[in-house]
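**Q** Quick one: the structure is below, and I'll ask about it shortly.
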Amino acid sequence: MARIVMKFGGTSMAGSERIRGVAARVKREIDAGNEVAVVVSAMAGETDRLVGFCREASPLADPREYDVVVAAGEQITAGLLAIALQAAGVPARSWLGWQLPIRSSAAHSVARIEGIETDKVLAAMARGEVAVVPGFQGVSDAGRVTTLGRGGSDTSAVALAAALKADRCDIYTDVDGVYTTDPRIVPRARKLERITYEEMLELASVGAKVLQTRSVELAMKEKVRVQVLSSFTDAPGTLVVDEDEDMERELIAGVAYDRNEAKVTLVGVPDVPGVVAKIFGPLADANVNVDMIVQNIAKGEGTTDVTFTVPRTQLPLSLDVLGRERSVINYADVLSDAAVAKISVVGVGMKSHAGVAVTMFRALADRGINIQAITTSEIKVSVLIAEEYVELAVRVLHTAYGLDAAA
């Protein structure tokens with residue numbers, strides 16, 4: 001017998017027929033003798049609909065009341081799945097975030113889980129009852145409903161699995177696993193049987209949409225074994241594990257891309273100590289997420305250029321902040337480009353193999369793709385290129401690293 005947390009995303013819960021399909025999957029685990037808790041997302045599109053209602057009511061809605069509204073989508077699917085399970089002969093009940101409770105910080109709409117009380121749920125599961133828990137929500141010390149931000153249901157599932165000491169956390173989604181790259185761009189992309197936490201975290205952070213970044217961070221910290229599966233087929237999925245469990249890992253796990261990038265260049269920045277802090281301090285205060293940073297060699301007149309990237313959606317805010325700080329920074333001009341994208345190659349094999357970056361640079365150069373910025377980590381190399389070359393770059397790199405599946 002195993003203890004399993006099953007998480008189902010919005011497409012899995014989109015309508016009564018699919019909810020009955022989810023109930024059938026849960027019933028199979030119960031019939032196999034396993035203890036099961038289920039975490040559910042709102043129906044596909046429902047959270048956007050609720051957010052729209054809030055914006056119609058007030059562009060500056062009270063964040064506490066905003067969370068009450070947008071958390072309702074998961075409450076509905078939790079209740080519906082419990083009803084569907086009962087109809088299928090499976091004892092089940094829903095547990096809302098405040099009923100467990102799932103304790104969180106008070107940072108409404110971006111709250112973090114601080115702890116989950118599991119005594120009641122464990123007792124129910126021991127009786128053969130399925131616990132259905134809405135993802136994305138918690139409760140603050142003040143007793144107010146909170147939400148965890150977009151993709152927060154993945155984090156809810158991993159956190160619950162850690163609290164329950166589950167054997168595994170199965171994430172059911174609209175893809176059947178983690179691929180070496182986007183199969184829509186590279187039809188010969190391969191599904192990975194296993195991937196390490198580090199690789200999955202890097203892929204999630206640089207554009208792969210399979211798992212939410214915070215959920216992978218939590219899984220790695222708590223050593224929760226996560227499996228990515230399809231809600232619509234019975235195909236084997238991808239297991240996300242510790243590096244020690246992935247004995248047959250490859251040099252490169254995958255190629256990811258992110259079109260949500262914008263480049264900012266400050267021209268004629270004084271080349272003096274402290275100027276970089278004057279640039280990035282105000283941006284940090286405005287909650288702008290800066291990624292790649294490149295500072296050119298100082299010019300003869302004692303100035304330099306500083307280039308960095310921000311999320312494309314934050315470009316207007318970034319330019320506004322820099323405009324207000326111009327007299328403090330004392331730069332000559334600011335240039336921006338929203339038609340860029342980030343391409344990344346990720347693999348724990350980089351730790352022990354040289355030449356990974358060179359392979360990337362040569363492959364792109366051979367196809368005439370110019371690199372505008374570079375950033376690296378122990379297991380990742382990312383480059384900034386013109387957005388028009390994204391698909392070509394992904395295909396070229398996928399082949400260059402030998403990731404194409406056999407024809």
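The values are calculated or read from the model by the stated rules, or taken from the named source; none is laboratory data. The shown structure was predicted, so the numbers you read here are calculated from the model rather than taken from an experiment. So basically every Cβ, Gly included, is an ideal-geometry build from the backbone, and we count neighbours across all protein chains shown. The protein model used for the area step is the full one, side chains on, heavy atoms only, and it has no ligands, DNA or RNA in it. Shrake-Rupley method; radii C 1.70, N 1.55, O 1.52, S 1.80 Å.
**Q** Quick one: in region 275-305, of everything that is polar (S, T, N, Q) and within 22 Å of Ala107 (Cβ to Cβ), which residue is farthest from the chain's Cα centre (by Cα)?
**A** Going through the qualifying residues, I end up with Asn287.
**Q** Going through region 138-164 one residue at a time, which ones are more than 15 Å from Arg103 (Cβ to Cβ), among the small types (Gly, Ala, Ser) and open to solvent by 30 Å² or more (accessible area, probe 1.4 Å)?
**A** Of everything in region 138-164, just one residue is more than 15 Å from Arg103 (Cβ to Cβ), among the small types (Gly, Ala, Ser) and open to solvent by 30 Å² or more (accessible area, probe 1.4 Å), namely Gly151.
**Q** Residues that are surrounded by 23 or more Cβ atoms within 10 Å (Cβ to Cβ) and among the polar types (S, T, N, Q), at least 2 per element: which helices (runs of 4 or more DSSP H) completely within region 191-286 meet that?
**A** On the way: elements: 197-205, 213-222, 275-285.
Answer list for region 191-286: none.
**Q** Note down all Cβ pairs under 8 Å where the first residue falls in region 163-183 and is touching a residue at least 40 places away in the same chain (Cβ under 8 Å), the second is open to solvent by less than 30 Å² (accessible area, probe 1.4 Å) and among the acidic types (Asp, Glu), and they're at least six residues apart or on different chains.
**A** Sorted first by the residue in region 163-183, then by its partner, the pairs are Ile171/Asp154.
**Q** Follow-up. Picking from Ala341, Ala363, which residue would you name as being open to solvent by less than 50 Å² (accessible area, probe 1.4 Å), at pLDDT 95 or above and under 30 Å from Thr303 (Cβ atoms)?
**A** On inspection, the qualifying residue turns out to be Ala341.
**Q** Continuing with this model, one more query. Take the residues of region 5-30 that are closer than 20 Å to Ala159 by Cα and assigned to a loop (DSSP other than H, G, I, E, B): which is nearest to the chain's Cα centre (by Cα)?
**A** Once the filter is applied, the top-ranked residue is Gly9.
**Q** What number of residues within region 148-164 are within 20 Å of Thr47 (Cβ to Cβ) and either over 18 Å from the mean Cα position of the chain (by Cα) or outside any helix (DSSP H, G or I) (or both)?
**A** Number of matching residues: 4.
**Q** Would you mind stating whether Gly135 is open to solvent by 10 Å² or more (accessible area, probe 1.4 Å), under 16 Å from the mean Cα position of the chain (by Cα) and among the small types (Gly, Ala, Ser)?
**A** Values: open to solvent by 10 Å² or more (accessible area, probe 1.4 Å): no; under 16 Å from the mean Cα position of the chain (by Cα): yes; among the small types (Gly, Ala, Ser): yes.
Criteria not met by Gly135.
**Q** Then there is this: Can you tell me which residue is surrounded by the most Cβ atoms within 10 Å (Cβ to Cβ) among those in region 1-12 that are of a type in the set (A, V, I, L, M) and modelled with pLDDT of 95 or more?
**A** Val5
**Q** Determine whether Asp167 is at pLDDT below 90, open to solvent by 40 Å² or more (accessible area, probe 1.4 Å) and either among the charged types (D, E, K, R) or over 15 Å from the mean Cα position of the chain (by Cα) (or both).
**A** no
**Q** Sticking with this structure for a sec: Filter region 302-360 down to the residues that are without any contact (Cβ under 8 Å) to a residue 40 or more places away in the chain and closer than 30 Å to Pro270 by Cα and list them by number. If you could, list the steps in order and put the result at the bottom.
**A** Within region 302-360, the first condition is being without any contact (Cβ under 8 Å) to a residue 40 or more places away in the chain, and the residues that meet it are 302-304, 316-317, 320-321, 323, 326-327, 351-352, 354-355, 357-358.
Those that are without any contact (Cβ under 8 Å) to a residue 40 or more places away in the chain and closer than 30 Å to Pro270 by Cα: Gly302, Thr303, Thr304, Pro316, Leu317, Asp320, Val321, Gly323, Arg326, Ser327.
**Q** A further question follows. Just the residues that are among the β-branched types (Val, Ile, Thr) and either more than 28 Å from the chain's Cα centre (by Cα) or closer than 30 Å to Ile195 by Cβ (or both), please, taken from region 250-274.
**A** Matches in region 250-274: Ile252, Val255, Val267, Val269, Val272.
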